[in-house]
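In what follows, a structure is listed as structure tokens, so that the remarks can point back to it.
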Amino acid sequence: MEYQAKNPNAKVIGGSILAFLASLTNRELGLKYLEKHGITDVKADGWYSHQALLSAEKDLVDAIGVPTALEGVGEKIPDNAKMPEWKDIYEVFENWTNVYMNNHQGDNESYFKVIDKTEHSIKIETNNAYSCAFDRGLFRAVARKFFPTAKVTETGNKCRAKGDNICVYHIVW
């Protein structure tokens, strides 16, 4: 389910919050909602409530009026966050759970699983608390580092935005 931490005690590293803020076109609005949920004076190596970040993201979407606003934010995250170096697109998504876990504590339920891959596509099942739009933008930006014309669509009948636990993304290049 979107915007609902898997564990109420889960934490997110400050570097992820700073990347989120750097990705916003209106940083002040992001700071306002983070502060509303108790996140202030963010340090890159500090740990903060994951639920507070998710609630701030939800408030931001509600204020802007379009959930796809987070898709644009997701697209900018790789430019503002520390990302490992990978040799190919398959390695990226086969290891995405590790990247996620390195930036989150207390969330042992979230995962990113490659469920199908071909020469020109990859399908990923996700179970995490971020918005579908955010993941779509993030995956597109990462994929475009390898293939500039990559496209990402959600497929299947289940969707976190509809209250399900998973989403499936199809990345094609």
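Below is a table of values for the structure above.
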quantity	calculated
Residue in region 3-20 that is surrounded by fewer than 17 Cβ atoms within 10 Å (Cβ to Cβ) and more than 25 Å from Lys162 (Cα to Cα) present	yes
Residue check for Asn103: within 26 Å of Ala44 (Cα to Cα), of a type outside the set (A, V, I, L, M) and surrounded by fewer than 15 Cβ atoms within 10 Å (Cβ to Cβ)	no
Helices (runs of 4 or more DSSP H) wholly inside region 8-99 containing at least 3 residues that are over 28 Å from Thr153 (Cα atoms)	27-36
Condition broken by Val142, with the remaining ones in (1) crowded, with 20+ Cβ neighbours inside 10 Å; (2) of a type in the set (Val, Ile, Thr); (3) more than 24 Å from Leu53 (Cα to Cα) satisfied	(3)
Residue tally, condition surrounded by fewer than 18 Cβ atoms within 10 Å (Cβ to Cβ), modelled with pLDDT of 85 or more and β-branched (Val, Ile, Thr), over region 58-86	0
Count of region 25-39 residues which are farther than 25 Å from Asn165 by Cβ, out of contact with any Leu (no Cβ under 6 Å at 6 or more places or on another chain) and surrounded by fewer than 20 Cβ atoms within 10 Å (Cβ to Cβ)	9
Out of Leu138, Leu70, sole residue that is within 13 Å of the chain's Cα centre (by Cα) and assigned by TED's automatic domain parsing to the domain that holds Thr153	Leu138
Which numbered condition Lys123 fails, given (1) within 14 Å of the chain's Cα centre (by Cα); (2) among the basic types (Lys, Arg); (3) modelled with pLDDT of 95 or more	(1)
Residue within region 126-139 that is buried (at least 16 other Cβ atoms within 10 Å of the Cβ), touching a Lys or Arg at 6+ places or on another chain (Cβ under 7 Å) and within 24 Å of Val12 (Cβ to Cβ) present	yes
Members of region 9-54 that are farther than 23 Å from Met83 by Cα and modelled with pLDDT under 95	Asn26, Glu28, Leu29
Residue within region 85-98 that is touching a residue at least 12 places away in the same chain (Cβ under 8 Å), among the basic types (Lys, Arg) and more than 16 Å from Ala129 (Cα to Cα) present	no
Among residues of region 1-50, those that are within 13 Å of the chain's Cα centre (by Cα) and aromatic (Phe, Trp, Tyr), counted	2
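The values are calculated or read from the model by the stated rules, or taken from the named source; none is laboratory data. Computed from a predicted model, the values in this text were never measured in an experiment. Reconstructed Cβ throughout: ideal geometry from the backbone, glycine too, with neighbour counts over all protein chains shown.
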